[in-house]
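Since the structure comes first, as structure tokens, the remarks are kept for the end.
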Amino acid sequence: MVPQPVWLEELQHPTSSAAREQAFRALIAEYQRPVYQHVRRMLGNHADADDAVQETFIQVHRSVSGFRGEAPLRAWIFAIAGRKALDLLARRRVRERSFDEAFEQASTALAADPYFDGDAAARALHAAVLALPERQRQVFVLRYFEALPYAEIAAATGVTEGALKASYHHAAEKVRRFVTALPNVPD
Amino acid sequence: MEAFRTPPGYFETLPDRIVARRRARTVRTLSWAAAAVAACGAVVVLVPQMLERERACETFACLLDATRTEELLHDDLLEELAEDPAAFEVLTEDL
């Protein structure tokens with residue numbers, strides 16, 4: 001088993017409330033950037049990502065005493081972050097849209113987003129990700145951007161590796177179709 | 001390079017906001033729990049009292065208290081009735 005950080009022990013078996021808060025802050029400092037990027041890729045805009053990242057760490061604080069290390073801590077936290085992002089998407093669900101329509105909307109929103117710096121290729125990539133169905137989006141972001149092995153994603157999410165691979169395959173095909181349709185973007 | 005940016009200083013303030021949000025939620029949860037405990041306590045105390053009140057009186061004093069008739073009775077008569085089971089029965093029939 002991979003050695004766990006000192007603050008994890010303090011979070012799981014706190015010696016005092018002050019020490020536990022210090023450990024919690026250490027955990028946030030370690031993971032806030034990757035968790036933020038993860039939920040931002042799933043949600044698109046900063047306001048939703050900010051909400052999801054805060055909810056993620058509150059849930060981690062609540063559940064960490066039950067973490068037994070079946071999956072690596074990073075994968076476990078990302079799985080919680082993914083669920084929080086999906087919860088937020090579920091609360092804001094609008095009518096069903098086609099992939100093309102969702103892609104156009106996401107692309108337009110990213111172009112107008114003051115906190116998005118990507119070029120046309122990056123915009124196409126992220127708009128295609130945001131247009132994916134929610135489960136496919138979660139798997140694609142964990143696998144493509146975070147490079148988590150299927151085994152770790154499976155352990156953290158409880159989904160079989162076969163189902164994860166199928167989801168990733170469908171997602172990657174859709175994303176590839178939009179990204180390669182752009183001029184001057186290599187396949 | 002990451003395409004997604006954050007407002008300036010975002011990650012510097014994020015830990016404080018998360019800790020504050022968690023505390024606020026804990027306080028809210030405790031308030032709800034306290035309200036729930038108080039409501040349960042009230043049920044535990046009041047329900048036996050209500051049941052006790054509805055239970056039939058088995059003593060003369062209780063009967064008088066329940067029917068609020070003692071102010072109508074003279075003290076001597078009260079004592080007499082209390083010592084006379086037959087009179088007690090007649091009185092309860094009238095009530």
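The values are calculated or read from the model by the stated rules, or taken from the named source; none is laboratory data. What you are looking at is a predicted structure, and each value in this text was computed from that prediction instead of being measured. In this analysis, Cβ positions are derived from the backbone assuming ideal geometry, glycine residues included, and neighbour counts consider all displayed protein chains. In case anyone asks, the SASA skips ligands and DNA or RNA and just uses the protein heavy atoms, side chains included. Shrake-Rupley method; radii C 1.70, N 1.55, O 1.52, S 1.80 Å.
Is it the case, given these coordinates, that A:Arg177 is touching a Ser or Thr at 6+ places or on another chain (Cβ under 9 Å), assigned to a helix (DSSP H, G or I) and open to solvent by 60 Å² or more (accessible area, probe 1.4 Å)?
So A:Arg177 does not fit the description; no.
So, A:Ala128, is that one within 14 Å of chain B (Cβ to nearest Cβ) and under 18 Å from A:Arg177 (Cα atoms) or not?
yes
Could you tell me whether A:Ala102 is away from chain B (no Cβ under 14 Å), hydrophobic (A, V, I, L, M, F, W, C) and farther than 15 Å from A:Asn45 by Cα?
Against the criterion (away from chain B (no Cβ under 14 Å), hydrophobic (A, V, I, L, M, F, W, C) and farther than 15 Å from A:Asn45 by Cα), A:Ala102 does not qualify.
Among the numbered conditions (1) exposed (fewer than 12 other Cβ atoms within 10 Å of the Cβ); (2) within 14 Å of chain B (Cβ to nearest Cβ), tell me where A:His13 comes up short.
Going through the list (1) exposed (fewer than 12 other Cβ atoms within 10 Å of the Cβ); (2) within 14 Å of chain B (Cβ to nearest Cβ), A:His13 breaks only (2).
Just give me the residues in region A:1-10 being part of a helix (DSSP H, G or I), among the aliphatic types (A, V, I, L, M) and over 23 Å from the mean Cα position of the chain (by Cα), in sequence order. Write out each step before concluding.
Here is the first cut: in region A:1-10, the ones part of a helix (DSSP H, G or I) are A:6-10.
Add one more test, that the residue is among the aliphatic types (A, V, I, L, M), and what stays is A:6, A:8.
Selection gives A:Val6 alone.
Could you tell me which of the residues A:Gln32, A:Gln22, A:Gln4, A:Gln54 is in contact (Cβ under 8 Å) with a residue 40 or more places away in the chain and over 19 Å from A:Ala154 (Cα atoms)?
Numbers: A:Gln32 fails: in contact (Cβ under 8 Å) with a residue 40 or more places away in the chain; A:Gln22 fails: in contact (Cβ under 8 Å) with a residue 40 or more places away in the chain; A:Gln54 fails: in contact (Cβ under 8 Å) with a residue 40 or more places away in the chain.
Criteria check complete, one pass: A:Gln4.
A:Val53 is checked against (1) open to solvent by less than 10 Å² (accessible area, probe 1.4 Å); (2) over 20 Å from B:Arg23 (Cβ atoms) and fails just one. What number does that condition carry?
(2)
Here is a list: A:Ala90, A:Ala75, A:Ala85. Which entry is over 17 Å from A:Gln32 (Cα atoms), open to solvent by less than 80 Å² (accessible area, probe 1.4 Å) and outside any loop (DSSP other than H, G, I, E, B)? Give the derivation first.
Details: A:Ala75 fails: over 17 Å from A:Gln32 (Cα atoms); A:Ala85 fails: over 17 Å from A:Gln32 (Cα atoms).
Sole residue among the options that is over 17 Å from A:Gln32 (Cα atoms), open to solvent by less than 80 Å² (accessible area, probe 1.4 Å) and outside any loop (DSSP other than H, G, I, E, B): A:Ala90.
Scanning for something assigned to a loop (DSSP other than H, G, I, E, B), more than 9 Å from chain B (Cβ to nearest Cβ), open to solvent by less than 10 Å² (accessible area, probe 1.4 Å) and in contact with a helix residue (DSSP H, G or I) (Cβ under 7 Å, 6 or more places away or on another chain), does region A:17-39 turn up at least one residue? Full working, then the answer.
Here is the first cut: in region A:17-39, the residues assigned to a loop (DSSP other than H, G, I, E, B) are none.
No: zero hits.
Please report, ordered by residue number, the helices (runs of 4 or more DSSP H) entirely within chain B with at least 1 residues that are at pLDDT 75 or above and within 14 Å of chain A (Cβ to nearest Cβ).
Per the criteria, B:10-54.
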